[in-house]
Amino acid sequence: ITISYGVQDYAALLLVIFSTVLVMVSIIALMSAIAKSVKEAGTMTSPLMLINVGVSLIPMFTGVKDVATTHFLIPIYNSVMMMNGVFSSNYSLTNLAVTVVTNLVLTAILSVGLTAMFNSEKVMFAK
């Protein structure tokens, strides 16, 4: 079996990975801002990594064809399913658009929340 990927597949993968990285960095930055120490920040982000591992196992049990477009509104899950679709050459541009837009909107919301936390003296100078 020979699988060849085109420029569109690589572009789709790049968009998904880039938008997913933005979401993950935003979530970790928000958790780190809430934490009072580096140790606490590490402890808070550990469950997030476990969730990522758990979600990444889902494609073993479902296919991209079985997933409704509305499921691509769920962060992290949408990226995993979209990458699975790209690797299996079985994805739609609609699902790609929903995934990327959802991830970028979530990143914007988390960035606004992080900005609000940094502007709040109560959060930044609490001991």
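The values are calculated or read from the model by the stated rules, or taken from the named source; none is laboratory data. As the structure is a prediction and not an experimental result, all values here were calculated from the model. All Cβ positions, glycine included, derive from the backbone under ideal geometry; neighbour counts span all protein chains shown. These accessible areas exclude ligands, DNA and RNA; they are computed on the full protein's heavy atoms, side chains included. Shrake-Rupley method; radii C 1.70, N 1.55, O 1.52, S 1.80 Å.
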Inset, instruction - Return a whole-number percent for the relative contact order of the chain, with Cα pairs under 8 Å and 6 or more residues apart as the contact set. - result: 36 percent
Inset, instruction - Counting only heavy atoms of the protein chains, get the accessible area per residue of segment 2-127 (1.4 Å probe) and round it to a whole Å² value. - result: 62 Å²
Inset, instruction - Within segment 16-103, report the trypsin sites (Lys or Arg not before Pro) that DSSP leaves as loop and that have at most 14 other Cβ atoms within 10 Å. - result: Lys36
Inset, instruction - Could you bin all the Cα-Cα distances of segment 24-127 into 5 Å bins starting at 0 and give me the percent of pairs in each, rounded to whole numbers? - result: 2, 12, 19, 18, 16, 12, 9, 6, 4, 2, 0
Inset, instruction - May I ask for the angle, rounded to the nearest 10°, between helix 38-56 and the longest principal axis of the chain, with both axes built from Cα atoms and the value confined to 0 to 90°? - result: 20 degrees
Inset, instruction - Taking chymotrypsin sites (Phe, Trp or Tyr not before Pro) as candidate sites, keep only those in a DSSP loop with at most 10 other Cβ atoms within 10 Å, then name the longest stretch of the chain containing none of them. - result: 62-124
Inset, instruction - Enter the angle in degrees (range 0 to 90, nearest 10) between the Cα long axis of helix 93-119 and the first principal axis of the Cα atoms of the chain, meaning the one along which they spread out most. - result: 10 degrees
Legend entry - segment 76-99 and segment 7-72: distance between their alpha carbon centers, rounded to Å: 14 Å
Inset, instruction - Grab the other residues whose beta carbon is less than 15 angstrom from that of Ser46, score K and R as +1, D and E as -1, and report the net. - result: 0
